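The values are calculated or read from the model by the stated rules, or taken from the named source; none is laboratory data. Note that the structure is a prediction, hence the values are computed from the model and not measured. Cβ coordinates were reconstructed from backbone atoms using ideal geometry, including for glycine residues, and neighbour counts include every protein chain displayed. Ligands, DNA and RNA are excluded from the accessible area calculation, which covers all protein heavy atoms including side chains. Shrake-Rupley method; radii C 1.70, N 1.55, O 1.52, S 1.80 Å.
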Amino acid sequence: MSLRNVAIIAHVDHGKTTLVDQLFRQSGTFRDNQRVEERAMDSNDLEKERGITILAKPTSVEWQGTRINIVDTPGHADFGGEVERILSMVDGVILLVDSSEGAMPQTKFVTGKALALGLKPIVVVNKVDRADARIQEVLDEVFDLFVSLDANDEQLDFPVLYASGRNGYASTDMDAREGTLTPMFELIVSHVPEPKVDVDAPFSFLVTLLDRDNFLGRILTGRVNTGTLKLNQAIHALDADGNVIETGRASKIMSFRGLERVPVEEAQAGDIISLAGLTIATVANTIADISVSTPIKAQPIDPPTLSMRFAVNDSPMAGREGSKVTSRMIRDRLMREAESNVAIKVTESEDRDSFEVAGRGELQLGVLIETMRREGFELGISRPRVLFGEDEDGKRTEPYETVVIDVDDEYSGTVVDKMNQRKAEMTDMRPSGGGKTRITFSAPSRGLIGYHGEFLSDTRGTGIMNRLFEKYGPHKGNIEGRKNGVLISNGAGEAQGYALGPLEERGILFVGHGEALYEGMIIGENAKTDDLEVNPMKAKQLTNFRASGGKDDAIRLTPPKKMTLEQAIAYIDDDEMVEVTPKSIRLRKRYLDPHERKRASRAKQAA
């Protein structure tokens with residue numbers, strides 16, 4: 001059976017996973033009466049809840065005698081490491097572009113990687129049935145993007161399809177509004193080349209994805225580069241320098257058939273497979289026949305730009321809600337994550353009770369924390385900080401991001417003002433139709449930490465912000481952080497409505513009546529700039545005298561502001577932490593004792 005390997009790449013929310021659903025249906029992968037969930041490829045809980053793809057996942061469909069291996073990729077820039085790895089497995093890419101939003105930052109990032117590898121793109125303008133579609137303009141934007149990315153003549157001569165992934169049709173005719181995905185299948189078979197591989201050479205295979213199975217242990221996924229692999233064949237793993245890491249046997253070979261991984265007796269060069277039988281080999285290692293000593297070159301991955309401190313939870317409520325609370329458990333889990341996710345780097349601190357975890361962005365690290373808390377971990381998380389560098393002259397540099405903001409015209413002035421305060425430089429501003437403006441900035445990543453929530457408030461929830469790592473540039477100096485102080489509990493106990501009522505005049509509360517508190521816990525935001533220690537546990541003194549004039553009226557509290565994990569991480573300051581447990585997210589000061597806080601503050605001012 002002839003073979004095609006193709007990746008679907010696009011910006012977040014442009015419809016990749018929905019399109020894969022339709023490819024499954026129309027290729028006969030599902031039975032007619034089979035019940036299938038929407039976005040079948042988004043298989044883990046967080047992907048389903050957030051409606052985004054987090055992990056790159058291979059699948060396959062059969063079309064008229066050709067097996068098409070499809071890799072569904074994440075669209076968010078924070079998970080770009082997933083996309084960079086899998087591009088070495090495929091021979092062509094389907095670039096999906098929204099008919100209204102056009103070429104967005106993440107489109108540029110992934111397309112640049114694909115073009116540099118010499119992959120031939122197929123451009124699909126998706127959601128052509130949108131009322132605000134601007135198909136021809138979007139095509140022009142894509143062509144300009146390819147030119148700016150130094151595409152060769154063959155890549156610039158790309159075929160175009162006009163499609164609606166949700167409604168399951170694609171056509172070469174811009175005005176078509178019905179049909180099937182047959183033109184897309186035909187174009188993949190005719191335009192994407194068969195894998196150029198040497199079947200007669202000894203077996204070799206580059207690991208691009210790592211998975212775990214309770215029964216099979218490590219499962220390594222990638223494309224067979226050369227030769228044929230048979231079940232129980234002797235193999236060894238090589239690192240980037242050609243050193244043998246371990247030797248073993250291919251105890252299980254699995255090929256992709258629709259959503260299933262099916263065991264097979266042998267795999268040939270060009271096919272994407274999963275392999276079990278090794279215990280140490282990891283991503284970017286070469287698995288090969290015993291006779292092979294030269295490793296396959298792996299694609300370099302862009303370095304992380306942001307880090308957070310993951311510490312053992314040392315609050316007075318530690319160990320009440322989670323089952324995994326020791327530093328050894330946290331260390332083992334983070335090391336496992338760093339092994340399978342090449343965009344994350346973990347370093348242990350000197351006190352061995354905390355770990356510096358570096359990644360691509362707040363969302364990527366937020367997803368890791370959310371996954372860990374669901375597994376039963378308790379953690380203390382610090383404020384994110386950017387990773388600085390140095391240029392040739394020894395001057396400090398910091399990461400910059402390209403920020404593309406789509407906002408209603410009436411809010412554009414506020415957004416520009418706020419971005420200026422964060423030392424961002426506007427590089428482009430143009431009307432994008434429908435009373436909206438598209439503004440592009442080059443901004444230091446440091447200034448964007450915690451801005452997204454404020455941005456949504458400023459634009460009444462209508463603004464869309466997209467960010468992408470741009471470069472390391474000159475250090476921009478001091479950037480003003482959060483303006484308001486916080487309300488800090490001065491003791492331990494239960495929050496009382498009688499005490500919280502008057503505190504509402506001081507600012508916004510994060511806790512409600514009856515919640516358990518401890519000394520040093522942040523219970524609200526102060527309306528002023530300094531921190532304020534308060535007593536939220538003060539109960540009303542009971543007497544046997546009846547109050548005159550109806551003064552015992554019930555206290556009416558405003559519902560407290562409850563933060564999501566990402567909001568909490570973005571909100572905290574340098575001397576604060578987020579306590580994360582399977583059931584709760586609490587904000588606290590790093591030093592719970594007020595005297596220690598004063599000492600740390602004095603030491604910081606002296607430094």
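Under 8 Å between Cβ atoms, at least 6 apart or on separate chains: pull out the pairs that start in the stretch 390-414 with a residue that is more than 17 Å from F441 (Cα to Cα) and end on any residue that is at pLDDT 85 or above and among the basic types (K, R).
E390/R396
Would you say K345 is basic (K, R) and closer than 19 Å to A284 by Cα?
yes
So for the stretch 253-260 (the condition being touching a residue at least 12 places away in the same chain (Cβ under 8 Å), among the hydroxyl-bearing types (S, T, Y) and either open to solvent by 30 Å² or more (accessible area, probe 1.4 Å) or on the phi > 0 side of the Ramachandran plot (or both)), does at least one residue qualify?
Scanning the stretch 253-260 turns up no residue that is touching a residue at least 12 places away in the same chain (Cβ under 8 Å), among the hydroxyl-bearing types (S, T, Y) and either open to solvent by 30 Å² or more (accessible area, probe 1.4 Å) or on the phi > 0 side of the Ramachandran plot (or both).
Any chance you could count how many residues in the stretch 124-143 are without any contact (Cβ under 8 Å) to a residue 12 or more places away in the chain and either open to solvent by less than 20 Å² (accessible area, probe 1.4 Å) or more than 22 Å from Y169 (Cβ to Cβ) (or both)?
Summing the residues that are without any contact (Cβ under 8 Å) to a residue 12 or more places away in the chain and either open to solvent by less than 20 Å² (accessible area, probe 1.4 Å) or more than 22 Å from Y169 (Cβ to Cβ) (or both) in the stretch 124-143 gives 1.
Got a sec? Which of M537, M465 is part of a strand (DSSP E or B) and open to solvent by less than 80 Å² (accessible area, probe 1.4 Å)?
Only one candidate qualifies: M465.
Within the set of pairs 6+ apart or on separate chains, which have a first residue in the stretch 169-196 that is of a type in the set (S, T, N, Q), a second that is part of a loop (DSSP other than H, G, I, E, B) and open to solvent by 40 Å² or more (accessible area, probe 1.4 Å), and C-beta atoms under 9 Å apart?
Here the result reads S171/R177; S171/E178; S171/G179, each pair linking the stretch 169-196 to a residue that is part of a loop (DSSP other than H, G, I, E, B) and open to solvent by 40 Å² or more (accessible area, probe 1.4 Å).
Filter the stretch 347-377 for residues that are at pLDDT below 85 and buried (at least 21 other Cβ atoms within 10 Å of the Cβ) and give the result.
Matches in the stretch 347-377: R360, G361, E362, Q364.
Give the residue that is farthest from I272 (Cα to Cα), with candidates limited to residues of the stretch 85-100 that are touching a Lys or Arg at 6+ places or on another chain (Cβ under 9 Å) and open to solvent by 10 Å² or more (accessible area, probe 1.4 Å).
My answer is S100.
Go over the candidates G277, G270, G227, G217 one by one and state the one that is modelled with pLDDT under 85, on the phi > 0 side of the Ramachandran plot, open to solvent by less than 40 Å² (accessible area, probe 1.4 Å) and not hydroxyl-bearing (S, T, Y).
G217
For the stretch 461-471, indicate whether the set of residues that are hydrophobic (A, V, I, L, M, F, W, C), without any contact (Cβ under 8 Å) to a residue 40 or more places away in the chain and in contact with a Phe, Trp or Tyr (Cβ under 9 Å, 6 or more places away or on another chain) is non-empty.
Looking for residues that are hydrophobic (A, V, I, L, M, F, W, C), without any contact (Cβ under 8 Å) to a residue 40 or more places away in the chain and in contact with a Phe, Trp or Tyr (Cβ under 9 Å, 6 or more places away or on another chain), one finds none in the stretch 461-471, hence no.
Can you pull out every residue in the stretch 496-521 that is at pLDDT 90 or above and in contact with a Ser or Thr (Cβ under 8 Å, 6 or more places away or on another chain)?
Correct list: L509, L517, Y518, E519, G520, M521.
Given the stretch 160-260, what strands (runs of 3 or more DSSP E) lie entirely inside it while holding 2 or more residues that are of a type in the set (K, R)? Quick ask: steps written out before the conclusion?
On the way: elements: 160-164, 169-171, 204-213, 217-226, 228-230, 234-238, 244-249, 252-257.
Fully inside the stretch 160-260 and qualifying: 217-226, 252-257.
Taking I54 as the residue in question, decide whether it is outside any helix (DSSP H, G or I), in contact with a Phe, Trp or Tyr (Cβ under 9 Å, 6 or more places away or on another chain) and modelled with pLDDT under 75.
Yes: the conditions hold for I54.
Could you list, in sequence order, the residues of the stretch 101-120 that are over 23 Å from M465 (Cα atoms) and within 24 Å of the chain's Cα centre (by Cα)?
Of everything in the stretch 101-120, those that are over 23 Å from M465 (Cα atoms) and within 24 Å of the chain's Cα centre (by Cα) turn out to be A114, L115, A116, L117.
Taking only the stretch 280-300 into account, find how many residues are of a type in the set (A, V, I, L, M, F, W, C), surrounded by fewer than 20 Cβ atoms within 10 Å (Cβ to Cβ) and closer than 18 Å to R336 by Cβ.
Residues meeting the conditions: 1.
What do you reckon, is M426 free of Cβ contacts under 8 Å to residues at least 40 places away in the same chain and either among the charged types (D, E, K, R) or surrounded by 20 or more Cβ atoms within 10 Å (Cβ to Cβ) (or both)?
no
With the requirement that a residue be among the polar types (S, T, N, Q) and open to solvent by less than 20 Å² (accessible area, probe 1.4 Å), what does the stretch 144-165 give you?
Of everything in the stretch 144-165, those that are among the polar types (S, T, N, Q) and open to solvent by less than 20 Å² (accessible area, probe 1.4 Å) turn out to be Q155, S164.
What number of residues in the stretch 494-512 are surrounded by fewer than 17 Cβ atoms within 10 Å (Cβ to Cβ) and either β-branched (V, I, T) or touching a strand residue (DSSP E or B) at 6+ places or on another chain (Cβ under 8 Å) (or both)? Even if it seems obvious, please write down each step before you answer.
Step one: filter the stretch 494-512 for residues surrounded by fewer than 17 Cβ atoms within 10 Å (Cβ to Cβ), giving 494, 497-498, 501-502, 504-506, 508, 512.
From what's left, either β-branched (V, I, T) or touching a strand residue (DSSP E or B) at 6+ places or on another chain (Cβ under 8 Å) (or both): 494, 506, 508.
The number of residues fulfilling the criteria is 3.
How many residues, within the stretch 591-604, are under 13 Å from D574 (Cβ atoms) and either open to solvent by 100 Å² or more (accessible area, probe 1.4 Å) or in contact with a helix residue (DSSP H, G or I) (Cβ under 9 Å, 6 or more places away or on another chain) (or both)?
Residues meeting the conditions: 2.
Here is a check on your reading of the model: is L19 at pLDDT below 70 and not in a strand (DSSP E or B)?
So L19 does not fit the description; no.
Would a scan of the stretch 297-313 turn up a residue that is touching a strand residue (DSSP E or B) at 6+ places or on another chain (Cβ under 8 Å), at pLDDT 90 or above, more than 28 Å from G447 (Cβ to Cβ) and in a loop (DSSP other than H, G, I, E, B)?
yes
Scan I344, I330 and give me the residue that is of a type outside the set (D, E), crowded, with 16+ Cβ neighbours inside 10 Å and more than 16 Å from the chain's Cα centre (by Cα).
None of the others qualify; the one that does is I330.
Quick one: which of I523, I488 is touching a Pro at 6+ places or on another chain (Cβ under 7 Å), open to solvent by less than 60 Å² (accessible area, probe 1.4 Å) and not in a loop (DSSP other than H, G, I, E, B)?
Checking each option against the conditions leaves just I523.
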